[in-house]
Structure formats: C-alpha cells, structure tokens
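See structure below.
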Amino acid sequence: MNPLKHVAIIMDGNGRWGLKNKNSRNAGHKEGLKTVEKIIKETIKNKIKFLTLYAFSTENWKRPKKEINFLFNLLENFLKEKIEDLNNKKIKLKIIGKKNFSSRLTSLLNSSERITSKNKRLQINLALNYGAKTELINAFKELKRNKEIINEKNLKKYLQTKDIPDPDLLIRTGNTKRLSNFLLWQIAYSEIFFEKKLWPDFNERDYYKVIKKYKNIKRNFGNI
Ligand code: FPP
C-alpha cells in the first residue's frame with residue numbers, strides 16, 4: 001500500500017453548483033466551504049499530514065469584483081470563526097501565494113499562521129493568490145541572486161513548499177481535466193484524479209474512495 005503524506009486539491013465547480021442550485025455563483029462558494037470542512041475532518045481521520053487547497057489563483061483576479069469580495073469575506077469569516085477550533089485540533093495553517101490583500105485580511109492571515117505555527121497533526125497549505133509559474137520564476141530569481149548552481153535541490157529551497165514532501169495525490173473536482181497553474185513543479189510524480197462531481201457535491205466518502213484507489217496504485221517513479 002502506498003504511503004500518503006500529502007494531498008493537494010483543486011476545488012473546482014463552486015460557480016456551476018451555485019448557478020444550478022441557487023441561481024448564484026457565490027452560493028456555490030458558500031456551499032464549497034462546507035466541503036472544505038468535511039475534507040479536513042477526513043484528512044485527519046486518515047492520518048494524512050499535509051493538505052494543500054487551491055482557494056484563489058493569480059488568474060482568479062479576472063473575476064467580477066463582487067465575486068472576489070465575496071470569496072475573501074468568506075475566508076475572513078471562516079478564519080475568525082474557526083481558527084481557535086483548528087488550533088485545538090492541532091492543525092497548522094500556512095498560506096502559499098503572495099499575500100497582497102487588504103491590510104485587515106493580511107494581518108488576519110498572519111495571525112492565523114502564527115497562532116497555529118507549532119501544530120503537528122495536519123498542515124493545511126491554503127493557496128491564495130497563488131500561481132506556480134510565479135513561484136518558479138521567483139525561485140529562479142533567488143538562485144540567480146545568490147549565485148547558486150541550478151539544480152533540483154537548490155531550486156526546491158526557494159519554493160513555497162520547501163519544507164514539505166511533494167503531493168502524492170492531486171484531486172481536481174468539477175469534471176475538468178487541467179492543472180490551472182497549480183504546483184506545477186511539485187506534482188511531477190503525483191497520482192492525479194479528476195473527479196466528475198462539483199466541489200460542493202464532493203464528500204468524505206468520495207474522498208475516501210480516491211484515497212483507497214491511490215493506495216493500491218503501483219507507483220514506479222520511472223522505474224519498472
Ligand atoms: C473554483 O470553483 C473555486 C474557487 C475559485 C474558490 C474556492 C473556494 C472555496 C472552496 C470556498 C472558500 C474556501 C475557503 C478556504 C474560504 P469555480 O468558481 O471556478 O467553479 P466553476 O468552474 O463552476 O465556475
């Protein structure tokens with residue numbers, strides 16, 4: 001059985017779910033947050049140490065302002081209400097991506113990271129204003145600035161995931177088969193599951209089924 005340390009998820013399909021069920025894309029984001037909570041619980045239950053969630057990409061700024069504001073308000077309220085609970089559950093929160101949000105949200109994100117920084121049960125990386133191409137360009141710039149040899153080990157030092165193992169498993173919901181500029185370096189050898197269900201319809205049983213399938217895959221890493 002394959003060990004499973006790190007799951008990365010592209011939580012796609014909120015907008016479509018919202019339009020279909022409530023005539024509002026934002027209602028889909030609200031419902032999607034419930035799935036986030038279910039998946040966190042199941043991740044802990046399965047003793048997985050790292051969970052990376054793609055919540056907002058560098059490309060998502062192209063969306064209407066109303067939707068962007070709704071998403072960040074949702075995040076702000078979620079952190080205000082739940083950070084204590086996450087901390088009690090020994091969850092560490094880390095933001096990956098560039099934190100150029102309002103000063104109120106940035107300081108809330110910083111304090112959430114600080115409060116939970118010593119926790120060891122599960123690390124949640126929340127990808128916010130994240131893009132893999134930007135991350136890689138920044139890493140190469142650092143290599144150049146420090147006059148370091150370009151190799152995998154040196155480059156990894158400058159990735160935002162530098163201290164953690166690469167994802168073993170990448171899940172994308174929403175019936176779309178693309179990577180959308182997510183962790184392009186880190187998923188080089190991840191097992192990828194594209195799920196038909198929209199994110200708000202995805203539940204802990206669906207997640208567990210993927211975990212079970214992943215555990216039985218023969219992973220070769222280029223060997224035979
Ligand atoms: C992609 O679906 C989803 C997002 C861009 C936002 C993800 C946000 C959540 C799951 C809820 C908030 C999470 C936190 C942690 C506060 P989409 O809108 O692109 O869906 P579509 O493809 O149907 O349009």
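The values are calculated or read from the model by the stated rules, or taken from the named source; none is laboratory data. Remember, it's a predicted structure, so these values are computed and weren't measured experimentally. Methodologically, a virtual Cβ is constructed for each residue, glycine included, from the backbone with ideal geometry; neighbour enumeration extends over all protein chains shown. The protein model used for the area step is the full one, side chains on, heavy atoms only, and it has no ligands, DNA or RNA in it. Shrake-Rupley method; radii C 1.70, N 1.55, O 1.52, S 1.80 Å.
Some notes on this structure:
- Each Lys and Arg Cβ is given +1 and each Asp and Glu Cβ -1; about its Cα centre, segment 26-99 then shows a dipole of about 260 debye.
- Residue (of Pro3, Thr161, Asn203) at the positive-pole extreme of the chain, dipole from beta-carbon charges: Pro3
- Accessible surface of the chain [probe 1.4 Å, protein heavy atoms]: carbon and sulfur percent: 52
- Length available on full extension from Asn110 to Lys177: 0.36 nm per residue minus the Cα-Cα distance, which gives 20.8 nm.
- Solvent-accessible surface of the chain, averaged per residue with a 1.4 angstrom probe and all protein chains in place: 57 square angstrom.
- Inter-probe distance in nm under a simple model that places probes 7 Å from Cα toward Cβ, at Glu148 and Lys41: 4.1
- Quotient of Cα Rg and 2.2 N^0.38 Å for segment 141-204, N being how many residues it contains: 1.46
- Taking 0.36 nm per residue of separation and subtracting the current Cα-Cα distance, fully stretching the chain between Thr134 and Lys99 would add 11.3 nm.
- Cross-link partners for Lys30 among the lysines, with Cα-Cα distance under 19 Å and sequence neighbours closer than 8 places in the same chain left out: Lys20, Lys22, Lys38, Lys41, Lys65, Lys66, Lys80, Lys82, Lys197.
- Given +1 at the Cβ of Lys and Arg, -1 at the Cβ of Asp and Glu and no other charges, the dipole of segment 12-58 around its Cα centre is 120 debye to the nearest 20.
- The chain, Rg to Rh (Cα coordinates; Rh as Kirkwood inverse mean 1/r): 0.95
- Each residue, Lys118 and Phe194, gets one label point 7 Å from its Cα in the Cβ direction; the gap between the two is 4.5 nm.
- By the helix-only formula, in which each DSSP H run with n ≥ 4 contributes -39500 (n - 2.57) and the sum is divided by residues, the chain has a 222 nm mean residue ellipticity of -14500 deg cm²/dmol.
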